[in-house]
Amino acid sequence: MENHTSALIIGAGPVGLSAALELGRRGVPCTVVERHRRLGRRSRVAGVNKWTMELFHYWGIGDEIHRAALPFGATGPVTWKRTLAGETLGPIRRDASRPETWSPTVARAGDIMFCPSDAVESALLAAVRRCPSVDIHFSTRLRGFENTEEGVTAELTYGNGEPGLVRADYLLACDGINSGVRKMLGIPLDGMRMDMDLVAIDFEADLRTWTGERPCVAYWIINSVSCGCLVPRLEGPRWIYTAFRRPDAAVATEEWCEDVVRAATGVPTLPLRITDAQPRSMTIEVVSQFRSRRVFLAGDAAHRFLPMLGPGINLGVHDAYDFAWKAAAVWERWADPTLLDTYEPQRAAAAKRTSEHTAEFLRLMAETGISADVYDFATALEEDGEDAAALREMVRDAARKLEGHWAT
């Protein structure tokens, strides 16, 4: 089977669907290919910023995203603790009655909102399916492609096992941090990678005894057994703990996950159920080029940032929008194809700004103990005496410095 389309989009996450929606609203033919059979396989809490919300409102899905998000004031401040049930080292102080305290700038669309990523994907997918010019194929894999100055010819394998050939004017790679398209092109990622392995653990447990009905938006846990970031999910007793693995840690089995979660909460007998565990890395990496002939990279395929800070979805959605409106302008013949030459310098500049912001965030976080040496810091923190007291004061000071930095 052979088809022709204006844009072939690889990946149906928030980035790929955003590109498809902008193209579809303009009537541009495009095809979306997703290797998984459905969306929302591993939902995360997405921090959606005000600029991304402006796009969601423009696309007509802003109200739906608002309804799915956690209401402002429903969570407490970001907090550093020895354990969830134990000593508090320092909070980022926010006043829920004064939204302006969340960021130096606030727009009409609101500031950072926390929303399940599967809710974002569902809203985007529903809107895309209302666009007649967009075809979506799940359980479909990209086997390879030919990239020329005139267009892209992609070889696919559909869910029923049949091969397919798609000829496209452009290919947009939105296939995530392990992007197959990026690897096929041989485009490297440049930047910094912390010498630290992380495991993102999804689990279910009733923690209201220690959090109350208004849990903090994030708990940074620092103790000599378990260090990481504990974040509430937005529905039910569900949590994500991004654990920093000790250099001598065992393989991340279900038993290991249970042990580090219990050590983080400080409740050795806590009833819990592990639902998922995935490796993560502490990185600030950006591709050396965002484009190769007719192939463009967007989202996590083009840049990788800290998993618990969450700039990726926002930067990625704007990558998608930037590509899509320009590709649509070319297809509608009111712009020359050279308009797409502006994609790389503009998205590279945006990624550079995000990298610099994230690097400064990491520097400040290191003052709170969150670094590659976090377990040495945690051990020193647990000792008695003036040195441990000085470390506690350092955490509190660093938290105050982060107040104007967290949500920008």
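The values are calculated or read from the model by the stated rules, or taken from the named source; none is laboratory data. What you see is a predicted model, and the numbers here were worked out from it, not measured in a lab. A quick note on method: Cβ atoms are made from the backbone with ideal geometry, for glycine too, and the neighbour counts reach across all protein chains shown.
Brief remarks on what is shown
- Picking from residues in the stretch 217-269 that are polar (S, T, N, Q) and outside any strand (DSSP E or B), the one that is surrounded by the fewest Cβ atoms within 10 Å (Cβ to Cβ) is Thr269.
- Test result for Cys115, surrounded by 14 or more Cβ atoms within 10 Å (Cβ to Cβ), modelled with pLDDT of 90 or more, under 27 Å from the mean Cα position of the chain (by Cα) and not in a helix (DSSP H, G or I): no
Residue-by-condition table, conditions (1) under 30 Å from Leu125 (Cβ atoms); (2) at pLDDT 85 or above; (3) not aliphatic (A, V, I, L, M):
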site: Arg304; (1), (2), (3): yes, yes, yes
site: Pro307; (1), (2), (3): yes, no, yes
site: Asp319; (1), (2), (3): yes, yes, yes
site: Ala335; (1), (2), (3): yes, yes, no
site: Asp341; (1), (2), (3): no, yes, yes
site: Arg353; (1), (2), (3): yes, yes, yes
site: Glu386; (1), (2), (3): no, yes, yes
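- For the condition crowded, with 16+ Cβ neighbours inside 10 Å and on the phi > 0 side of the Ramachandran plot, Gly164 does not qualify.
- Residues satisfying the stated conditions in the stretch 118-144, i.e. in a helix (DSSP H, G or I) and either touching a Phe, Trp or Tyr at 6+ places or on another chain (Cβ under 7 Å) or of a type in the set (Asp, Glu) (or both): Asp118, Glu121, Ala127
- Count of the stretch 145-198 residues which are assigned to a loop (DSSP other than H, G, I, E, B) and within 29 Å of the chain's Cα centre (by Cα): 11
- All conditions in (1) at pLDDT 95 or above; (2) surrounded by fewer than 24 Cβ atoms within 10 Å (Cβ to Cβ); (3) touching a Phe, Trp or Tyr at 6+ places or on another chain (Cβ under 8 Å); (4) farther than 19 Å from Val28 by Cα hold for Pro345, with the sole exception of (3).
- Among the residues of this structure, Val330 does not count as one that is of a type in the set (Val, Ile, Thr), touching a strand residue (DSSP E or B) at 6+ places or on another chain (Cβ under 9 Å), crowded, with 21+ Cβ neighbours inside 10 Å and assigned to a helix (DSSP H, G or I).
- When restricted to residues that are assigned to a helix (DSSP H, G or I), free of Cβ contacts under 8 Å to residues at least 40 places away in the same chain and not charged (D, E, K, R), the stretch 333-356 contains 8.
- Taking each residue of the stretch 365-391 that is part of a helix (DSSP H, G or I) and looking for partners that are surrounded by 13 or more Cβ atoms within 10 Å (Cβ to Cβ) and among the hydroxyl-bearing types (Ser, Thr, Tyr) with beta-carbon atoms closer than 8 Å, six or more apart or interchain, yields Met365/Ser371; Tyr375/Ser224; Phe377/Ser371; Ala378/Ser224; Thr379/Ser224.
- For the stretch 270-282, taking the residues that are of a type in the set (A, V, I, L, M, F, W, C) and within 26 Å of Ser371 (Cβ to Cβ), the one that is surrounded by the most Cβ atoms within 10 Å (Cβ to Cβ) is identified as Met282.
- Screening Arg214, Arg208 for residues that are over 23 Å from the mean Cα position of the chain (by Cα) and within 21 Å of Val48 (Cβ to Cβ) leaves exactly one candidate, Arg214.
- Hits in the stretch 161-209 (condition: within 30 Å of Ala7 (Cβ to Cβ), in contact (Cβ under 8 Å) with a residue 12 or more places away in the chain and among the basic types (Lys, Arg)): Arg167, Arg182
- Filtered by the rule that a residue be in a strand (DSSP E or B), surrounded by fewer than 23 Cβ atoms within 10 Å (Cβ to Cβ) and either free of Cβ contacts under 8 Å to residues at least 12 places away in the same chain or out of contact with any Gly (no Cβ under 7 Å at 6 or more places or on another chain) (or both), the stretch 283-303 gives Arg291, Ser292.
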